[in-house]
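Q: Encoded as structure tokens, here's the structure I'll be asking about.
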Amino acid sequence: MLFVNSVMTIRAGRLARTWTSGENMKTHLGIGGACLLSVMAASPAGAVSPATQATATAKIYKPLTIASVQNLNFGTIVLTGATFSGEVVSISQAGALTCGSNPGVLLTCSGSAQAAQYKLVGTNNATVTITCPGFNLTGPGTLAFTPNAPATVNLGATGATTGYTFSIGGSITLASTTPDGVYTGTFQVTADYQ
Amino acid sequence: MARLGFLALAACVTFGASAASGQCRLCDLPSIAPSPAAPPNADVQLQVETNLSFDRMILTGPGSGAATIRPDGSSGTEGSIMELGPRATVGTVVVHGEPNRTVRIALPRRIELFSVGGGHITLDDVITDVGAIARLDTAGNMSFRFGGRLILSGDCDGPYRGDLPISVEYQ
């Protein structure tokens, strides 16, 4: 212990003056003392945990905008059959029309049917959640409209510039007693980053 | 003189080893009977229970902004950041070691978060709710939470991730 203390004293003396290139042996002595100091300082402290990595994450997005590109349109539907009910007319997201269970007999569909389209602009490759609740078409009567929308879309590599356009179809259910006339309604489409 | 330096090095290594070991390994009987529940100088262990997540942030424009998550779980935004996502979480770490020991917690005050595209943003003001010094309880446990401030500037949208090294040692 005394020997150790003496080394500490020598090292303290070395720090008090400037070293030169001709003092190699004394420099070694100083290094030994430095080692001693570090070990003595670490001994009472005890164990050190290995460094554990926590992570910090963030997703940063540009503002998301949505704009209507085209409206949904079932075209013209003629109630051909004498008595029927529960006939479903639907438009897929791709715009394909299904005119009831027996087209041309119970129902006759014509005109240019099309799905609704919306354009999203936001962060490239971001996934966006789409919500579109059902609503009623109103006119001479009331028709419940059930939307067919994608749950999520990915904006892709050009989402920030040209944007991404998606479609929403939907369906209505008709009966022979449905009042004829023009029916309209309004979508409530919500888009949000996932 | 060079030999004296070597001797000093050897002496200090021997001194350190004798003080660090708790018992004589060559003896028939241990000189110290360690407690199974709380061995003296037991390794201090830490486990990250929850990582720091800012969830998502919506920018209002290309200007600079900052988002802060504090250790108490509160958060705030400023500048060009519109909102912080609802799933943002404060970081939580659990420490286990010798009961009633004081420990020093070390974590960087500032790190960089990187995106896949090579962009980076800065997390600074990394703080805990216990400061740099804390005491383990009678069972040798302690937990702390940490948060920080994320600084954004320019056109920096995208996902980011950074590593935050944490270590704990007995004081």
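Coordinate-derived values only; no laboratory data. Quick caveat: nothing in here was measured; it's all calculated off a predicted structure. Neighbour counts run over all protein chains shown; Cβ positions are idealised from the backbone, glycine included.
Q: Once a ≥ b ≥ c are taken as the square roots of the eigenvalues of the Cα gyration tensor of region A:91-156, is the result rounded (a/c under 1.5), prolate (a/b larger than b/c) or oblate (a/b not larger than b/c)? Could the numbers behind the result be given before it?
A: Details: a/c = 3.02, a/b = 1.99, b/c = 1.52.
The shape class here is prolate.
Q: May I ask you to evaluate 6.51 cos²θ - 1.76 cosθ + 1.60, the Karplus curve with θ = phi - 60°, for each residue of region B:86-91 and list the ³J(HN,Hα) values in order in whole Hz, giving x for glycine and proline?
A: Taking θ as phi minus 60°, the curve returns x, 9, 5, 9, 7, x Hz for region B:86-91.
Q: For region B:68-79, what does the Karplus curve 6.51 cos²θ - 1.76 cosθ + 1.60, with θ = phi - 60°, yield as ³J(HN,Hα) per residue in whole Hz, taken in order and with x for Gly and Pro?
A: 10, 10, 8, x, 7, x, 6, 8, x, 10, 8, x
Q: Sticking with the crude label model, points 7 Å out along Cα→Cβ, report the distance from A:Ser85 to B:Glu169 in nm, one decimal please.
A: 8.2
Q: Further question on the same structure: Starting from the amide H of A:Gln93, placed 1.01 Å from N in the peptide plane, find each other amide H under 5 Å away whose residue is 5 or more places distant or on another chain.
A: A:Gly169
Q: Using amide H atoms built 1.01 Å from N in the peptide plane, name the residues 5+ places from B:Thr60, or on other chains, whose amide H lies under 5 Å from its own.
A: Residues meeting the criterion, in which the H sits 1.01 Å from N, are B:Ile81, B:Met82.
Q: Which order do B:Leu52, A:Leu97, A:Leu64 fall in if you start with the one that has the fewest other Cβ atoms within 10 Å? Walk me through the numbers on the way to the answer.
A: Values: B:Leu52 25, A:Leu97 21, A:Leu64 17.
Ascending number of Cβ neighbours within 10 Å: A:Leu64, A:Leu97, B:Leu52.
Q: If you stretched the chain out fully between B:Asp155 and B:Val94, how much longer would it get, using 0.36 nm times the residue separation minus the C-alpha to C-alpha distance?
A: Working: separation 61, 0.36 × 61 = 21.96 nm, distance 3.66 nm.
Gain on extension, B:Asp155 to B:Val94, equals 18.3 nm.
Q: Would you mind pulling out the separation of the Cα centroids of region A:120-163 and region B:88-140, in Å?
A: About 42 Å separates the Cα centre of region A:120-163 from the one of region B:88-140.
Q: Considering every residue in B:53-59, what mean count of other chain Cβ atoms within 10 Å of its Cβ is obtained?
A: What the average comes to for B:53-59 is 6.
Q: Can you put A:Lys62, A:Lys119 in order of Cβ neighbours within 10 angstrom, beginning with the fewest?
A: A:Lys119, A:Lys62
Q: Shifting gears a bit: Applying 1/(1 + (r/R0)^6) with R0 = 35 Å to the Cβ-Cβ distance of B:Ser64 and B:Val116, what FRET efficiency is obtained, to the nearest 0.05?
A: 0.95
Q: Continuing with the same structure: Taking other Cβ within 10 Å of each residue's Cβ, how do B:Ser80, A:Ser85 sort, fewest first? The partial results should precede the final answer.
A: Working: B:Ser80 19, A:Ser85 12.
Lowest to highest Cβ neighbour count: A:Ser85, B:Ser80.
Q: Which trypsin sites (Lys or Arg not before Pro) in region B:107-171 sit in a loop by DSSP (not H, G, I, E or B) and have at most 14 other Cβ atoms within 10 Å of their own Cβ?
A: On the way: sites: B:Arg109, B:Arg110, B:Arg135, B:Arg145, B:Arg149, B:Arg161; in loops: B:Arg109, B:Arg110.
Here the trypsin sites (Lys or Arg not before Pro) that fit, given the DSSP loop and packing criteria, are B:Arg109, B:Arg110.
Q: Give me a comma-separated list of calculated 3J(HN,Hα) values for region B:110-117, in order, Karplus coefficients 6.51, -1.76, 1.60 applied at θ = phi - 60°, integers in Hz, x for any Gly or Pro.
A: Using θ = phi - 60°, the values come out as 8, 9, 10, 10, 10, 9, 4, x Hz.
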